[in-house]
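Here the structure is laid out as structure tokens; the discussion comes afterwards.
The values are calculated or read from the model by the stated rules, or taken from the named source; none is laboratory data. The shown structure was predicted, so the numbers you read here are calculated from the model rather than taken from an experiment. Heads up, the Cβs are rebuilt from the backbone with ideal geometry, glycines too, and the neighbour counts pull from every protein chain shown. We work out accessible area using only protein heavy atoms, side chains counted, and drop any ligands, DNA or RNA first. Shrake-Rupley method; radii C 1.70, N 1.55, O 1.52, S 1.80 Å.
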Amino acid sequence: MSAQPHVHDHDAPEGLVSVEDARERVLSAVQPLAPLQLPLTDAYGCVVAEDVLATHDLPEFASSAMDGFAVRASDVAGATPANPRELKIVGRALIGHEPEGTVGAGETMHIATGAPVPAGADVIVPIENAVVEGDDLVRLLDGPAPGTHVRPRGEDVHEGDVLIPSGKRLGAPELGLLANAGHPTPLVHPRPRVVVLSTGDELVPPTETPAFGQVRDANSFTIFGALREMGAMPVMAGIVRDDVESLRDTIFNFEIQADAFISSGGVSVGERDVVKAAFFRRGNVDFYKVAMQPGMPQGFGQVEGKPYFGLPGNPVSVFVSLEVFVRPAILKMMGRRHLFRPEITARLTDEVRGPRGKLQFARVVVRHDKGGWSATPTGARGSNLISTVARANGLAMIPEGTQTAPAGSTVQVLLFRSSED
Ligand code: AMP
Ligand code: MG
């Protein structure tokens, strides 16, 4: 599967920015956040900002892989049940402790699995091949080669080795390795805190019953989920009325906590388009039309030096904008190197109609069967129904020049979920 963005740079009609240019504009304006040393549980999911080097061998001491007796290989060489060797038990090597002493010629020590191998011993004879005689004698019935059943020091990692290369994301095994190797606060790019707000006089929170004409705020929650999935930290700033002062107040109240902002709504040309009114000609926020459907009107820029994404209000446009622009940018802020979703080539099971001159992102369910990948649209074109996204796992990209993609034709599909779960 390719991880390359498969968007097209040509054919954008007058006044429209191509999707690729719009994405490039966003990506070139964001940088990885300055790295911090974070405790492992906070660093989980973050990208390390430097090579992490091993400061010790791992394991740090040679230990036994069996319960048995630690001996000198030369003392038991050639031992068999018919021809055993008798050695003197001089102590115990317990797990989590220094051995009680050393093992000299003709001597042995009890040893537990995981216990450090006492100096002098170089092999473990398992308990099954030992017959203890009284308090301090043992007959050993086997003579394994030196090193047998010993886990050597440094077997896993040598001091100075690169434990985790710069740029690697910390998943479960990396956290375990760092903990084991004594790196409890790795230097990582932190998760961006992203302030999320919804604009619109018609909006009410989902906990309220809307009066006639009011709409429950969907977008804050779509954005919240998308940010969580990216690994960012959403900060919910709620609903802001279509009023420039309220919008500015909210943004500046949250500014101190923010690494970026995402608003939805209010970026078109209507009189109530508050985001545009607040920033137009003032901040460093640009408003432009992208040759895509849905998601055509977009705002992007900086507020107090922090990226500001002004997404359109339509809930499907919000989702597509998150996938196409916001997600790659947030991943870049997190220091990630692979910014784009995997894509597959799939066969459409039904016709998809699109607008000429715009790249259409059609919501589809992709499935794999004997005939390869298929893509089934989940809603009619132009529908602004969030349910069409909820039923989908991919966005089929119908190129600008194609007005109708017939059933049976192949399309590129961006996969935003790896399964239908
Ligand atoms: P706007 O871009 O503000 O003109 O909004 C476009 C459409 O999306 C309108 O029908 C709005 O009611 C709707 N809309 C805007 N914001 C939200 C939201 N947060 N949740 C659900 N629908 C919204
Ligand atoms: Mg609005």
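A few notes on this one:
Conditions tested, residue by residue: (1) polar (S, T, N, Q); (2) more than 15 Å from ligand 2 (Cβ to nearest atom); (3) more than 30 Å from R169 (Cα to Cα).
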| residue | (1), (2), (3) |
| --- | --- |
| T222 | yes, yes, no |
| D243 | no, no, yes |
| A258 | no, yes, no |
| G265 | no, no, yes |
| S268 | yes, no, yes |
| V290 | no, yes, yes |
| Q293 | yes, yes, yes |
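- Among the residues making up the stretch 296-330, those that are in a strand (DSSP E or B) and either over 22 Å from the mean Cα position of the chain (by Cα) or within 16 Å of ligand 2 (Cβ to nearest atom) (or both) are P297, Q298, G299, F300, G301, Q302, V303, K306, Y308, F309, G310, L311.
- Members of the stretch 92-145 found to be in contact with a Ser or Thr (Cβ under 8 Å, 6 or more places away or on another chain) and polar (S, T, N, Q), listed by number: T113
- Some residue of the stretch 40-60 being at positive phi and without any contact (Cβ under 8 Å) to a residue 40 or more places away in the chain: no
Every residue, every condition in (1) open to solvent by 60 Å² or more (accessible area, probe 1.4 Å); (2) outside any strand (DSSP E or B), yes or no:
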residue: E159; (1), (2): yes, yes
residue: S166; (1), (2): no, yes
residue: P173; (1), (2): yes, yes
residue: L178; (1), (2): no, yes
residue: P184; (1), (2): yes, yes
residue: V194; (1), (2): no, no
residue: L197; (1), (2): no, no
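- Condition check for V138: open to solvent by 40 Å² or more (accessible area, probe 1.4 Å) and at pLDDT 95 or above: no
The rows are residues; the columns are (1) of a type in the set (G, A, S); (2) open to solvent by 30 Å² or more (accessible area, probe 1.4 Å).
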{"position": "R337", "(1), (2)": "no, yes"}
{"position": "F340", "(1), (2)": "no, yes"}
{"position": "D350", "(1), (2)": "no, yes"}
{"position": "R353", "(1), (2)": "no, yes"}
{"position": "F361", "(1), (2)": "no, no"}
{"position": "R367", "(1), (2)": "no, yes"}
{"position": "A375", "(1), (2)": "yes, no"}
{"position": "A392", "(1), (2)": "yes, no"}
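- Residue in the stretch 107-123 that is of a type in the set (D, E, K, R), open to solvent by 50 Å² or more (accessible area, probe 1.4 Å), away from ligand 2 (no atom under 16 Å from the Cβ) and under 28 Å from A226 (Cβ atoms) present: no
- Between T80, T113, the distinction of being in a loop (DSSP other than H, G, I, E, B), among the polar types (S, T, N, Q), without any contact (Cβ under 8 Å) to a residue 60 or more places away in the chain and farther than 15 Å from A54 by Cα belongs to T113 only.
- Identity of the residue in the stretch 73-99, open to solvent by 60 Å² or more (accessible area, probe 1.4 Å) and of a type in the set (D, E), that ends up nearest to G114 (Cα to Cα): E98
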